[in-house]
Each structure stands twice: as C-alpha cells, then as structure tokens.
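Student: The structure follows.
The values are calculated or read from the model by the stated rules, or taken from the named source; none is laboratory data. In this text the structure is predicted, and so the values were computed from the model without any measurement. As a convention, Cβ positions derive from the backbone with ideal geometry for all residues, glycine included, and neighbour counts pool all protein chains shown.
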Amino acid sequence: MKQNRLWAWLIVALSAIYFFIPLLATFIFSLRMRRGELSFDAYASVFSDPRFFASFGYSLAIGAFTIILGILVVVPAVYYVRLRMPWLRPFMEFVTLLPLVIPALVLVYGYIRLYNSSSLIPFTGSVLGTDILLVCACMTLALPYMYRAVDTGMRTIDIATLTEAAQILGASQWTIISRIVFPNILVAVLSGAFLTLAIVIGEFTIASLLNRPAFGPYLVNIGTNRAYEPSALAIISLLVTWGAMGMIQLLTRFAPKTARKD
Amino acid sequence: MAEEFLRIEKLVKAFGANQVVKGVDLAFNRGEFISLLGPSGCGKTTILRMIAGFERPTSGAIFVEGRDITALAPNRRNVGMVFQAYALFPNMNVFDNVAFGLKVAGTPKAESAARVDEMLKLVGLSGLEKRFPFEMSGGQQQRVALARALAPSPRMLLLDEPLSALDAKIRVSLREQIREIQRNLGITTIFVTHDQEEALSISDRIVVMNAGRTDQVGTPSEIYNRPATRFVASFVGTLNMIDAVVADPAANTVRVGDQVIVLREAIAGRRGGEKISLALRPEAGSLAGAGDTALRGEVISSSFLGSVVRTKIAIGENAVSFDTFNAPDLRLPAPGEIIDLHFSAGDLLLVRD
C-alpha cells in the first residue's frame, strides 16, 4: 500500500517536472533581456507595444462574438437534437468533428473562394464582412469543443422531463431554453466558451490569410523578429489561459447543484 | 347528476407500426379522482401524455369542458402535472420552483408570493422556501412538485406515477396527502399507476387498461369485487382464475374438472361445452362448510402467513388458493389431503377472456 503511494507520488513528481521545467525555462529566459541580471524588460517591451493591446483586444472581441455565435448555434441545436431528433446525434457527432480533420488552411481557402469580393456574398469586400467571416471561421474551429461541452452538460440533466414540466406550467420554448436549459448547463457552456476563447486567442492561419490584426499573427510576427519578447508573450498567453480555467472553476461554485450533498 | 369534465373519443396512438392506444373512449366527471391502472406498456402513460399535450393522437379527440383540446399546445392547456422523476428545476430553490408557473403567467410578485406560501402550507413544506431540490428527500421533492403543479390553479391535475420512486412508507403517507388535497380543492385528477393497491385506495373510479384498451371502468369496489375480464381479475387483487366449461346452459351449470356446480350468474347465450373463465377471491373460500357450493381438491401446500393461512389446492387443472384466518387450534391441511372448498355460488364470478 505504502509502496503504491510512493510510486504514485513519483509519477506525479516526474510529470510535474516534465511540465514545469520548460515553462520555468521560458519564464527565466523571458527575464534575461537585460544583460547580466533578471528583469521584466521583455514584459515592459511587450506592454509598451501598442500593437500588443490592439491585437489582443481585437482577438478578445472576436473571441467574445465567436462565443456568442457558438452559444446561439450550439445550445438550441444540441437541445433540439436531444429532445426531438435523437437519431440525428451520430450525424451531429460526425459534423462537429470535421473541423478537427479539415485543416484551417483548407477552410479559409474555401471561405475566400466562396465569399470573396466578386462572389454573391462578398464578405471579404469590407472590414466588417471579413471580421464576420473570421468569427464564423473561429466558431467552426471551436465547434468540436463547444458541442461536446454543451452535449455533456445536457446529458447531466433530464432535459426531456424538465422541458415537459416547464411546458405544462405554461412556459414558451424561449422561456424553457433561457430559464431552464441554459442555467442548468451554464458551467458546461462556460467551459466551451473558455476553450473557444483559448482557440481564438491563439488562432493564426485564418486571421493571417484574411489579413486581420489578430493576436496570433502578432505573436508569429514578434517571434520571428525578437528574442525575449516571444517568451514573455508565451508566459502572458499561458497566464490568460490559466485565468480562463480558473474562471471555469470559480463559476462552477455558482452552478446549480443537481446531486444530493453527501 | 355529475357534470362531465373530460371526454376522450376513439383515441388512437401509434408509434410507427406499434399501436399503443387502440381506440379508447372515456368520460370523467368534474372533481373526480380517476386512476389509469395497468401493467407497463398498456398505454396508460401515453393517454396521460396525450391529455397533457405531449403526444399528438394518431386519431381521436380529447374534449375538456366540451372544448376540443386535441391540437392545443401543452403550455396552453392549463393543466398541472406531477412526474415520476419529480422534474424540479435544479437551478431554482423551492420558492422559485413553485412560483415558476405563476411567473410565466405574469402574476404580480406579491400575489405570487402569497400563492406560493399557500401552496407550501398545503403540502406541509412551509419554511423550506430557500432549499434547493438537491437538499431535499424524494418525498419532499415530490410534494414541491405537487405544490408547483397546483400553484397556477390548473383546471385538471395529471399524476404520472408520482409515488413510484419513493419508499413504501412515504408512498402511503403521500398518496393519502394527495387524495386529501384533491378532495379539498375539488380538482379533477388523473393518476397513472401500475400499483393496484394504490389505485384501489385513493380513486373514485379506476380505468383498468390492457394492451392499449380499457378492460373495465368502475369504482374500486366494482373493480375488485366484480372484475369484468380475466385480465382485471388477475391484475387487481389476487383472484383465483378457474377454467371451466359450460355443462348445461339451461340449468346454469358449469364443469370444473369433473365436478359440476351451479352458477348464480347467468350464463345465457353460451353453448354447452364452451370454455369459460371463473374468478374466486381467496377470502371467499373456507373449509368449514359455509356457503352453498363446494369443490373438492387435493392440497398442494399450506402456508402460515401470520394472521391468515393460505392453502393451495388442485381442482382439475386449476390451482386455487384460499385464505383462512389464523386461530390457535387451527389444523393446517397436509399436502396430498383431499378437502372440500366451500363458498357461496355468488362469489364465483364469470369473467371475459
């Protein structure tokens, strides 16, 4: 028994070392901008660059719209498929997996071909149109994660009976989705939302080919031209991701409880 | 004369090729407590769900107070429903759960709060407004579900096996509470159950269902004492089914094995030699010689059940059980012993197959 525990701890320690040493090395390297001493100069350099805030802010905004679009598309879709068309689930599983097997490059070339300025729907003909296209593309990229998060959330509650209970009390479909379904899968939706945000913040291919000033192209650009700033940016990106994960944990506390406390 | 409240006409429901409700006609009066009783898959829940509006009938119609509601959406039927799985909204506390229907209907806050208070008092859960469903027992959750269903003052209450998930003691107390509340409010209630004891104990009338059809509609006493079919006789209570053949229609006699007895119930219209089913309640028979009819049989077993002794005897091809009250000097018949089972001819019921 004691030996088993020792092995468990050893495996945990080795995994932690494997995970943290590269991070630590990146962090230390990011502090070495000033010759001979450790400093936050690389971070100061990053934060003094207006393009950092512009690209990060842009990606955050795209992320927010992607999340909203994702929720508006995925939540009702999963709800109706679970409730009325359960035979469609294998098809949904397949479709939502497609973004994982179709490279983003193929996706964006398809978009550009379909929605270029001389097409019937000339999304790329304007800045707003291109931004909309980017949001749609990001939503597609995040679809496997958002779909699975929402689907898992709905599996934990008896969605059919809750819907009927609300219906018989006079609730409309909108009331049911907004007041019953959504609050009960909020944590799952937020998990999907933060995963979506992480994907959008790091997205390079589509934003670059659509020529949008997103954080991904900025990171690549800095990475090819600077030495210490990319490490600082990597650490900042990690902190943002961890912050997002922390938010999920925090929000879980406010989630509706469906099980008995024992 | 009782006022008709709900009428179901030639109701049929098919799921693909599987017809689960096969042309059911029913009429319920205002304020009645009706139980739809039957085994799993007999169509009782499907009928309830069609009344609620969750299932659209394949054909037929449902009328409430003379108005055809067959195609009406569930949220416009003004019906309360309690589900087997409680179906409380997990994200809402007791107060919000009970107030949900009132909120949806746009009831002013103060009025809604007073109504919630009244409903929680009715089900004996005052003071638990802030609790969440996960903090309550099954019985408490089901009482919240009942309060929630009654809060918007529905014109009819539907109960879909609401006691099935609860333990035996709670089931008995909650069914009594449901019946008391129903009586006080005078609300027409349809209760779906597969438990005959539950149906017999709380209903004004029982609809016994079998394979998508109604076998019998009657008061608990009628259903128990005068089962119309072999299915009702076997499903409700523990009636003995005895296979017999008509001996002489003119003399109203039947043959059980090689013994001929006279029936009190008329067997007019049946030919000699025709097979018929008879039912006999276990408590109707005795060894003491009481009653005007007797059947001789061989004892298969005798079991001591505390207050009663249950004896099983073979009469022809039939195994018949009968109960006698326990007494200190009672001698249990031994297996293999030949005995006479005495009963009144009036206790032998002729049932349809």
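Student: Among the listed residues A:R155, A:R212, identify the single one that is closer than 30 Å to A:F53 by Cα and basic (K, R). Quick ask: steps written out before the conclusion?
Tutor: Numbers: A:R155 fails: closer than 30 Å to A:F53 by Cα.
When all the criteria are applied, what remains is A:R212.
Student: Looking for something under 18 Å from A:L69 (Cβ atoms), assigned to a helix (DSSP H, G or I) and without any contact (Cβ under 8 Å) to a residue 60 or more places away in the chain - is there at least one such residue anywhere in segment A:177-190?
Tutor: yes
One line per residue, one yes/no per condition, for (1) of a type in the set (A, V, I, L, M, F, W, C); (2) closer than 17 Å to A:A166 by Cβ; (3) surrounded by fewer than 21 Cβ atoms within 10 Å (Cβ to Cβ):
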{"position": "B:N91", "(1), (2), (3)": "no, yes, no"}
{"position": "B:V94", "(1), (2), (3)": "yes, yes, no"}
{"position": "B:N97", "(1), (2), (3)": "no, yes, no"}
{"position": "B:V104", "(1), (2), (3)": "yes, yes, yes"}
{"position": "B:A114", "(1), (2), (3)": "yes, no, yes"}
{"position": "B:K121", "(1), (2), (3)": "no, no, yes"}
{"position": "B:E129", "(1), (2), (3)": "no, no, yes"}
{"position": "B:P133", "(1), (2), (3)": "no, yes, no"}
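Student: Further question: Looking at segment A:141-150, can you tell me whether even one residue there is under 30 Å from B:R76 (Cβ atoms), more than 14 Å from every other protein chain (Cβ to nearest Cβ) and either hydrophobic (A, V, I, L, M, F, W, C) or touching a helix residue (DSSP H, G or I) at 6+ places or on another chain (Cβ under 8 Å) (or both)?
Tutor: yes
Student: Would you check which residues across segment A:210-233 are within 22 Å of the chain's Cα centre (by Cα) and part of a loop (DSSP other than H, G, I, E, B) and list them?
Tutor: Result: A:L210, A:N211, A:R212, A:P213, A:A214.
Student: Looking at segment B:10-50, which of its residues are touching a Leu at 6+ places or on another chain (Cβ under 6 Å) and either of a type in the set (K, R) or within 14 Å of another protein chain (Cβ to nearest Cβ) (or both)?
Tutor: B:K44, B:L48
Student: Just checking, how many residues over segment B:105-117 are at negative phi, free of Cβ contacts under 8 Å to residues at least 12 places away in the same chain and within 10 Å of chain A (Cβ to nearest Cβ)?
Tutor: 0
Student: Now for a separate question. Looking at segment B:14-30, is at least one residue in contact with a Gly (Cβ under 6 Å, 6 or more places away or on another chain) and of a type in the set (A, V, I, L, M)?
Tutor: Yes, that holds for at least one residue.
Student: Does A:A165 satisfy being facing chain B (nearest Cβ under 7 Å), among the small types (G, A, S) and part of a helix (DSSP H, G or I)?
Tutor: It is true that A:A165 is facing chain B (nearest Cβ under 7 Å), among the small types (G, A, S) and part of a helix (DSSP H, G or I).
Student: Among the listed residues A:F65, A:F53, which satisfies the condition of being within 25 Å of A:L197 (Cβ to Cβ), at pLDDT 95 or above and either among the small types (G, A, S) or within 23 Å of the chain's Cα centre (by Cα) (or both)? Give the steps one after another, and end with the answer.
Tutor: Details: A:F53 fails: at pLDDT 95 or above.
Result: A:F65 is the single residue among A:F65, A:F53 that is within 25 Å of A:L197 (Cβ to Cβ), at pLDDT 95 or above and either among the small types (G, A, S) or within 23 Å of the chain's Cα centre (by Cα) (or both).
Student: Can you pull out every residue in segment B:53-76 that is closer than 21 Å to B:G16 by Cα and among the small types (G, A, S)?
Tutor: Quick first cut of segment B:53-76, residues closer than 21 Å to B:G16 by Cα only: B:53-61, B:70-71.
Passing the criteria: B:G53, B:S59, B:G60, B:A61, B:A71.
Student: If A:S117 passes every condition in (1) in a helix (DSSP H, G or I); (2) without any contact (Cβ under 8 Å) to a residue 24 or more places away in the chain; (3) polar (S, T, N, Q) but one, which one does it miss?
Tutor: Result: A:S117 fails condition (1) only.
Student: For residues in segment B:65-78 being within 14 Å of chain A (Cβ to nearest Cβ) and under 17 Å from B:I190 (Cβ atoms), which is surrounded by the fewest Cβ atoms within 10 Å (Cβ to Cβ)? Don't jump to the end; show me each part of the working.
Tutor: Residues of segment B:65-78 that are within 14 Å of chain A (Cβ to nearest Cβ), as a first pass: B:69, B:72-78.
Checking the rest, the ones that are also under 17 Å from B:I190 (Cβ atoms) come to B:69, B:72, B:74, B:77-78.
Numbers: B:I69: 19, B:L72: 15, B:P74: 21, B:R77: 22, B:N78: 17.
Within segment B:65-78, the match that is surrounded by the fewest Cβ atoms within 10 Å (Cβ to Cβ) is B:L72.
Student: Hey, among the residues in segment A:134-161 that are under 30 Å from B:Y86 (Cα atoms), surrounded by fewer than 22 Cβ atoms within 10 Å (Cβ to Cβ) and of a type in the set (A, V, I, L, M), which one's modelled with the lowest pLDDT?
Tutor: Step by step, filter segment A:134-161, then rank; the result is A:I157.
Student: Just give me the residues in segment A:1-37 being of a type outside the set (K, R), modelled with pLDDT under 90 and within 15 Å of A:S231 (Cα to Cα), in sequence order.
Tutor: Result: A:M33, single match.
Student: Report whether or not B:Q141 is touching a residue at least 12 places away in the same chain (Cβ under 8 Å) and in contact with a Phe, Trp or Tyr (Cβ under 6 Å, 6 or more places away or on another chain).
Tutor: So B:Q141 passes the test.
Student: B:A87 passes all but one of (1) buried (at least 21 other Cβ atoms within 10 Å of the Cβ); (2) modelled with pLDDT of 95 or more; which number fails?
Tutor: Tallying (1) buried (at least 21 other Cβ atoms within 10 Å of the Cβ); (2) modelled with pLDDT of 95 or more, B:A87 fails exactly one: (2).
Student: Run down A:A244, A:A234, A:A165 and say which single residue is under 23 Å from A:V135 (Cα atoms) and out of contact with any Asp or Glu (no Cβ under 9 Å at 6 or more places or on another chain).
Tutor: A:A244
Student: If I ask for residues that are at the interface with another protein chain (Cβ under 10 Å from one of its Cβ atoms), within 23 Å of B:I187 (Cβ to Cβ) and of a type in the set (A, V, I, L, M), which ones from segment B:81-97 would you list?
Tutor: Those that are at the interface with another protein chain (Cβ under 10 Å from one of its Cβ atoms), within 23 Å of B:I187 (Cβ to Cβ) and of a type in the set (A, V, I, L, M): B:M81, B:V82, B:A85, B:A87, B:L88.
Student: Considering only residues that are part of a helix (DSSP H, G or I) and of a type in the set (F, W, Y), which ones fall in segment B:122-147?
Tutor: Start the filter on segment B:122-147 by keeping residues that are part of a helix (DSSP H, G or I), which leaves B:122, B:133-135, B:138-147.
Selection gives B:F134 alone.
Student: Quick one: in segment B:148-171, of everything that is within 12 Å of chain A (Cβ to nearest Cβ) and in a helix (DSSP H, G or I), which residue is farthest from the chain's Cα centre (by Cα)?
Tutor: It comes out as B:R148.
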